[in-house]
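These notes are about the structure you will find just below.
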Amino acid sequence: MTYQDITQYNSPNYTSGRPYGILYIVIHWWDEPSKHPTFEGTISTLCNPGRGASAHYVVESGRVACIVDPDDRAWHAGDGIGVGSKGNDKGIGIECNPRQSDGDYATIAELIRDLRAVYGDLPLIRHRDCSATTCPGTYDLNRLDKLARGLTAPANPIPS
């Protein structure tokens, strides 16, 4: 593991257990990049009991914070709990830095590789595959998958 594994945060926003199994990794982004969200701010928001939302992981280049145990259901996809939902009930939610640096991609891919070593070859899906949202913006899931599998993937294109 080359990333800093941060475990001191615990979100109260989750449902215990995995009666439907774990079938997906759901990719999110913290928010629109123009809003300048931060790693610490995202953790604070998702650990706030008044927020009613969470994720399993918050990730940026070199840092991964686990705020809900993947063996429990985080409230991250907006598609219900206890109904066999694709995101919340069957997915592991990863909140990613919206700035999408090459370092962010490398760290997210390493986490995906680590999760697959434990839970099997889980496919990657977008938050928007679970509910009406634009999340995770322009994140390239094919690139993440290739990097997680140790394959060559192109770097971020130069922004126009």
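The values are calculated or read from the model by the stated rules, or taken from the named source; none is laboratory data. For clarity, every value in this text was computed on a predicted model and none was experimentally measured. When we count neighbours, we look across all protein chains shown, and the Cβ atoms used for this are built from the backbone with ideal geometry, even at glycine. For the accessible areas, the whole protein counts, side chains as well, though only heavy atoms, and no ligand, DNA or RNA atoms are used. Shrake-Rupley method; radii C 1.70, N 1.55, O 1.52, S 1.80 Å.
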* At q = 0.15, 0.18, 0.19 Å⁻¹, work out log10 I(q)/I(0) for region 36-86 with the Debye formula, treating every Cα as an identical point scatterer and leaving solvent out; two decimals please. => -0.43, -0.61, -0.67
* Calculate, for Ser101 and Ile81, the FRET efficiency according to 1/(1 + (r/R0)^6) with r their C-beta to C-beta distance and R0 22 Å; round to the nearest 0.05. => 0.10
* **Length released on extending from Tyr20 to Thr133, taking residue separation times 0.36 nm less the Cα-Cα span** => 38.3 nm
* Sorted by accessible area with a 1.4 angstrom probe, largest first, how do Thr45, Thr134 fall? -> Thr134, Thr45
* **Whichever aspartates and glutamates have a C-alpha closer than 12 Å to that of Lys146, once near sequence neighbours (fewer than 8 apart) are set aside** => Glu110
* Using alpha carbons only, what's the Rg to Rh ratio of region 1-66 with Rh from Kirkwood? -> 0.97
* Where Val59, Val83 fall by accessible area, highest first, once all protein chains stay in place (1.4 Å) -> Val83, Val59
* Fully extended, how many nm does the chain gain between Glu40 and Ile6 (0.36 nm per residue separation, minus their Cα-Cα distance)? -> 11.1 nm
* **Value of relative contact order over the chain, rounded to a whole percent, pairs C-alpha under 8 Å and six or more apart** => 28
* If you compute Cα Rg over 2.2 N^0.38 Å for the structure shown, which of (i) 0.95; (ii) 1.08; (iii) 1.13 do you land on? -> (i)
